[in-house]
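Asks: I'd like to ask some things about the structure below.
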Amino acid sequence: MNSFKRIFKSYILEGVFTPTTEAKLTYVTRETIENELEKNVKIPGQQIVIYGHSGSGKTTLLRNKLKGLKQSYIKTHCEKNTTFESILLQAFDSLNVFYKNQKTESNSNQISSELKATYLDISASIKASNTITTSSKLERVVPVQLTPLRLSQFLGAINCVWIIEDFHKVSDTEKQRIADVIKIFIDTANDFKKVKIICIGAVGTARELLQLDDNLYNRINELPIPLMTDVELEEIVKKGFNLMNLTIEQSLIDKIVYYSHNLGSVCHQICYDLCFYNNIKKSKFFKQKITEDDFRKAIDSFVRKNSDTYNKIYDKIVSLDLGWHILNTFESVEKEFVSVGELEIRIPNHKKIEREDFQEFLSLLSSPEFNEIIRFDRTSQKYSISTPFFRAFLKMKMALEHIEQKEAKKRKRNKRNKKYALKEQSSMVMDEAFFENYYQFLDSYLIRTTKLNEKIEELEKLKRNEK
């Protein structure tokens, strides 16, 4: 029956596993956080700041919930050099489809002729104001009439919310201006109940807007998006492989889940690579089994693609005064989570700093500036490397450095003894031996974590029996 259905219904790989875009076919419902989000979306005047780790599914969760609520929205994206003026223009541009058709996705709205005339007047003004600079670059000028208040009225008239993605990337000056606009939207909600701004940011950035203006307290809801659970990641894998008509052993699913390290985007990427490098571009007509060899191809691809990024992160961290010592601690300890005290004790005495400053340094390594390579667990109050892939890379990188140091000492002795030899350059060559060692490291982390979880379960079982 399933094979018969696939004659008429087939899925392409890019639609099933989506590492860089929002998940649709493999979307996993997260009931608790979605209910909290729905409540805040429906409260008039309530502005929202959504934050969480990169790849944790913030945007996917938000868009799926708004779609379920039949709530129209526009979105603007921020980069490091994004100015407030460009954010304003992005938002205004996104309104065109609504004012052109005079309706939102959810329902038809009668826009007043006066408001529409104002919109068209501003639109014409923007076009007329475009100027060509000497470098032939097109610059768009924000007309005087396009104010945050006017934008909030345009959005309110069509019952539309404004999503500002990655607001943490902009400068403090631009953040202050975003905070000022939020106050305007709060006031506009007295006339337009559904108008609101939803800011999406990284971990540790949620309170930045609140610190810029005390008046925003109790008027902005901070909504943390937690990392995905193992069960949720497993559901992504099973949903996706079912749509692609593939079978996969539970042991391989466990590996995908562990290597994803609670990040939905990584889970999608591994599954995508698994299919792509085995020439599975769309749903199979007949069932096909995914093997261990197929899985290793995906891991090899993922590592090759990220090796340059890992090298840059490593070099950036070790260029900092305490960076090498912190990475060395994570590489050398035989456990996944490390306390601040265990990290601190490995710092040489002449480099030690105050505990508060040390924790601030660790927070820096947990920020987007360093690809959130260090992760802080608030429950255990401990730190870990954010992905097993970087941890395995770190182990091989430091092993290579150790070999280089030994070679340097050997050359020094030879020079002292007047035995000269050509200097041998060591490098991280991604050959068959590299991937064999790398894969063994990854497996060892999984095995160690599995055994630890089994011990924890045994202890909890004993405690329950004692009660």
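The values are calculated or read from the model by the stated rules, or taken from the named source; none is laboratory data. Just so it is clear, the model here is predicted, and its values are computed rather than measured. Reconstructed Cβ throughout: ideal geometry from the backbone, glycine too, with neighbour counts over all protein chains shown. These accessible areas exclude ligands, DNA and RNA; they are computed on the full protein's heavy atoms, side chains included. Shrake-Rupley method; radii C 1.70, N 1.55, O 1.52, S 1.80 Å.
Asks: Going Cα to Cα from residue 194, which aspartates and glutamates come in below 16 Å? Please leave out same-chain ones fewer than 8 positions away.
Replies: 38, 105
Asks: At 7 Å along Cα-to-Cβ for each site, give me the label-to-label distance between residue 324 and residue 380 in nm.
Replies: About 2.8 nm, to one decimal.
Asks: Then there is this: Going by accessible area, probe 1.4 Å, with all protein chains left in place, what is the ranking of 324, 162, largest first?
Replies: Result of the area sort, largest leading: 324, 162.
Asks: To the nearest 0.05, what FRET efficiency results for residue 80 and residue 183 with a Förster distance of 30 Å applied to their C-beta separation? Numbers along the way, then the final one.
Replies: Details: r = 25 Å, r/R0 = 0.83.
Calculated value: 0.75.
Asks: Stretch residue 67-residue 31 to full length: gain in nm at 0.36 nm per residue minus the Cα-Cα span?
Replies: That pair, residue 67 and residue 31, stretches by 11.4 nm at full extension.
Asks: Oh, and also: Rounded to the nearest whole Å², what accessible area per residue is found for the range 187-313 with the 1.4 Å probe?
Replies: Per-residue value: 45 Å².
Asks: Turning to a different aspect of this structure: Considering the zone a paramagnetic label at residue 118 would reach in this model (a point 7 Å from Cα along the Cα-to-Cβ line), which residues of the range 157-173 have amide N under 12 Å from it?
Replies: Of the residues in the range 157-173, 157 have backbone N under 12 Å from the label point off residue 118.
Asks: Can you list the residues, at least 5 places off or on another chain, whose amide H is less than 5 Å from the amide H of residue 75, using H built in the peptide plane?
Replies: Residues meeting the amide H criterion: 163.
Asks: Another question, if that's okay. Could you grab the relative contact order for the range 16-62? Cα pairs under 8 Å, six or more apart, rounded to a whole percent.
Replies: The value is 37 percent.
Asks: Here's a follow-up. If r is the Cβ-Cβ distance from residue 399 to residue 447 and R0 is 22 Å, what FRET efficiency results, to the nearest 0.05?
Replies: That pair, residue 399 with residue 447, gives E of 0.65.
Asks: Taking a ≥ b ≥ c as the square roots of the eigenvalues of the Cα gyration tensor of the range 240-367, is the shape rounded (a/c under 1.5), prolate (a/b larger than b/c) or oblate?
Replies: Values: a/c = 3.42, a/b = 2.79, b/c = 1.23.
Judged from the Cα gyration tensor, the range 240-367 comes out prolate (a/c at least 1.5, a/b above b/c).
Asks: Straight-line reach from residue 80: which aspartates and glutamates have a Cα under 14 Å away, not including same-chain ones fewer than 8 places off?
Replies: Result set, ordered by chain and number: 165, 166, 172, 174, 369.
Asks: Now a separate question. In nm, to one decimal, how far is the residue 315 label point from the residue 432 one, both placed 7 Å along Cα→Cβ?
Replies: 3.0
Asks: Calculate one ³J(HN,Hα) per residue across the range 299-305 by plugging θ = phi - 60° into the Karplus curve 6.51 cos²θ - 1.76 cosθ + 1.60, and present them in order as whole Hz with x for glycine and proline.
Replies: 5, 4, 4, 4, 5, 4, 5
Asks: Working out 0.36 nm times the residue gap between residue 14 and residue 218, then minus their Cα-Cα distance, what length gain in nm do you get to one decimal?
Replies: Value of the extension gain: 69.3 nm.
Asks: Quick check: pseudo-label points 7 Å beyond the Cα along Cα→Cβ at residue 285 and residue 125, how many nm apart are they?
Replies: 6.2
Asks: What percentage of the solvent-accessible surface of the range 1-92, computed with a 1.4 Å probe over protein heavy atoms, is contributed by carbon and sulfur atoms?
Replies: Roughly 53 percent, rounded to a whole number.
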